[in-house]
């Protein structure tokens, strides 16, 4: 089967895209044909293996509305993340959650479905914090719009944020609205020689002070801290913190975000530990890279999933087998039984036939 | 006087509980809760008959005031066993009737859940029970140089549990976000009596973002037992720029200009002349009464940042034709500038027997249009309207002034409000920016959403609460109700045969 392709030709054809997609999903639900939603295929490594007939979203692309003075952007889900970022950069604005791309073809829909955020996350907010609205096609083939294009909106349940990180299991994202922010006028990266426990503590202490922090990561005895804001503020904070200003700071944060640092290149299973920011180090037999001021810790190497998850959970966090490795123990941390029950019922509420991205998140 | 937002007719139907049912439910509750924690007589139930939307009043069948999780579980078990709906209540300051009791329901007051459980200065979090007042959190952590950012105007009284239910905002949310952006974890009890952690002490949690889903769910999905909030470093400095404009359009342009200059102010508020005059007679904030509109723009951050930002904002105000501009010289003056804005609602209450507050949210570019149309509606309906406005994030609070004792004014007020909310939807906005839907705006939900979305909302509720026992009838209208509302609107618009084709 050829799957479902967004028409790539005329705009007039494109306006039929969503009705056609709805038809396709409806027919697939009747036939119980599982669908695999595909943007740029840059995040296929993440979660359970994609299965089913591909629904190609890449060609449903383009910026629908962007008014810099509203701080709001609306785009079709197949739009490349790089294109979105270029449009924002032209107006000196940005997606403040600093999303990783993990490949040139990354789309904005895939970015929201995966719910990934970059180094700025603990200080500016996550992907879901900036999603204002979502148009989706649910598993019944219904075209639905939630949220909107205004910054404050509390009408109805916040379905757009629920979609963020749901890995396409609740609906096919077709159009998305974001709150965007001005790019800081200035930034600098400072480096400090510290061991991991002291680095985590220091990053947390600074976060509790009025400093323009925008990233804090530790690796191999060095804590790197990024300051972003008004020029005068960055200057004053630099003077206060001391440390060594890094020349290649920008490259470091980008390589960290994109997992291009040598740490990530080992080809070993990559575990992501999400922990309370100030949590004490979780001992592992392999080296760790700490990001998000302690909130996100990466471990590269074979680990026992059950033992790791027990120690991470005891510290108030959860562990994800982010890339590679043996997925038979589950990619994502198991849910409390009562939460698992709600998850299954929610899945049924959006996708009763269970056809959308089956098995990407959990076993449904 | 109706001292808060609004008046509407009675709810669509009233299920008056029979005396035997009241007795049965009260007895069942009294079997698991201390006797003083169960109220069933008319006099004791009176304080619970409304929330901040005081025009709607309905005493509950019975009220339960649990003191711990076991008692909450017991109350929910009674609700399940007797198929009795449950309405949770925090401080009762909500403005949309979200905590309005049901005549055949249990009112579950969370007032005894009033402890700050723990404060972690290093991780900058606080675990608090849902009945803790919003402002109390900031007061409790002030000595650490920290605070809790969302600051709804009712913050001295409103509870954090209610804030989670409503996803409350405040004057600083353009920069610091709403409740959903400032909460890490909600420990909640489902109607089944299961205790679940939504979110976590970490920055995310596995699976669906149920924390986001439950925030703003108006008590329809679960009962909040504990909230872990994020605390922020108190800014080193803050300053307010106050600027006067000869018309609302140029004030609107200045707002766009500030954002366009790459500034995200901590607060950006507009008031029109009717509002400033009402306020000035009340608190003496020092407002320019000749101005058609004034803007208050606050900058916060490091000293250097604030100095740089306020200078740039003053430039923008001047470039957009402001007639006067002042900058707060010290904190006392800054608070004085804000005092007027914060007193706007009660001040308007002094110049009119009643007022009705609207909470529409619009794209900022439509501001001038919406204000102009509001003025036209004001003439059309013969009612004055004062405009206060969270200009930075597009959240309007027009206050329609009326007198409930003058025959017809109520009905005209409702028609005015309804037309204005529909205008908000028409320009791409929403019927509620921060006050919630509750019972007040339930009809407008029929305009904001199509049947498909509403059906999806009902399915979401059913995933948490299959029997529909938690705050039923609020926030999401039934399709049946929408059909009736649609027919009524068509009748009001004099289209007696809506099915006939029209050209």
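None of the figures in this text is laboratory data; all of them are computed from the coordinates on show. The model shown is predicted, which means the values in this text are computed figures rather than measured ones. Cβ atoms come from the backbone with ideal geometry, glycine included; neighbour counts cover every protein chain shown.
Things to note:
- Relative contact order, percent, the range A:231-338 [alpha-carbon distance under 8 Å, six or more residues apart]: 25
- For chain A, the longest principal axis of the alpha carbon atoms and the long axis of helix A:305-314 meet at an angle near 70°.
- The long axis of helix B:248-260 is offset from the longest Cα principal axis of chain B by roughly 80 degrees.
- Separation of the residue A:245 and residue A:304 label points, Cα + 7 Å toward Cβ, nm: 5.0
- Computed over the range B:349-401: relative contact order in percent, which uses C-alpha pairs under 8 Å that are six or more apart: 48
- In terms of the mean number of neighbouring beta-carbon atoms within 10 Å, the peptides A:181-188, A:142-149, A:115-122 order highest first as A:115-122, A:142-149, A:181-188.
- Peptides A:106-113, B:172-179, ordered by how many other C-beta atoms sit within 10 Å of their residues on average, highest first, read A:106-113, B:172-179.
- From least to most packed, judged by other beta carbons within 10 angstrom and beginning with the fewest, B:89, A:265, A:224, B:334 follow the order A:265, B:334, A:224, B:89.
- Rounded to 5, the percent of DSSP beta bridges in chain A classed as antiparallel: 90
- The helix-based estimate of mean residue ellipticity at 222 nm for chain B, built from -39,500 (n - 2.57) per DSSP H run of four or more residues and divided by its residue count, is -11000 deg cm²/dmol to the nearest 500.
- With the simple model of a label 7 Å out from the Cα in the direction of the Cβ, residue A:193 to residue B:335 spans 4.8 nm.
- Over chain A: helical MRE at 222 nm, DSSP H runs n ≥ 4 each giving -39500 (n - 2.57), nearest 500: -8000 deg cm²/dmol
- Rounded if a/c under 1.5, otherwise prolate or oblate - chain A, Cα gyration tensor axes: oblate
- For the peptides A:81-88, B:251-258, residues were scored by their other Cβ atoms within 10 Å and the scores averaged per peptide; the highest-first order is B:251-258, A:81-88.
- Whole-Å distance, taken between Cα centres, linking the range B:57-115 and the range B:179-219: 20
- Other protein chain C-beta atoms within 10 Å of residue C-beta, averaged over A:339-349: 6.
- For the pair the range B:140-156 and the range A:17-35, the centres of their Cα atoms are 49 angstrom apart.
- Between the beta carbons of residue A:326 and residue A:51, assuming R0 = 22 Å, the FRET efficiency works out to 0.75 to the nearest 0.05.
- Centroid-to-centroid, using Cα positions, the range A:263-284 and the range B:282-326 are 47 Å apart.
- Fraction of the pair-distance distribution of the range B:387-431 above 15 Å, Cα-Cα pairs, percent: 51
- Looking at the protein assembly as shown, the DSSP beta bridges with both ends there are about 90 percent antiparallel.
- Listed from fewest to most Cβ neighbours within 10 Å, the set B:431, A:64, B:223, B:160 follows the order A:64, B:223, B:431, B:160.
- Per-residue Cβ neighbour counts within 10 Å put B:333, A:175 in the sequence B:333, A:175, beginning with the fewest.
- Prolate/oblate/rounded call for the protein assembly as shown, Cα gyration tensor, a/c under 1.5 rounded: rounded
- Subtracting the Cα-Cα distance of residue A:82 and residue A:311 from their residue separation scaled by 0.36 nm leaves 78.7 nm.
- Taking every alpha-carbon pair under 8 Å whose residues sit at least 6 apart, chain A reaches a relative contact order of 18 percent.
- Helix B:303-319 vs. chain B, principal-axis angle (Cα, 0 to 90°, nearest 10): 70
- Anisotropy class of the range A:176-324 from Cα gyration tensor, a/c 1.5 cut: prolate
- Beta bridges per DSSP, both residues in the range B:19-109: antiparallel share near 20 percent.
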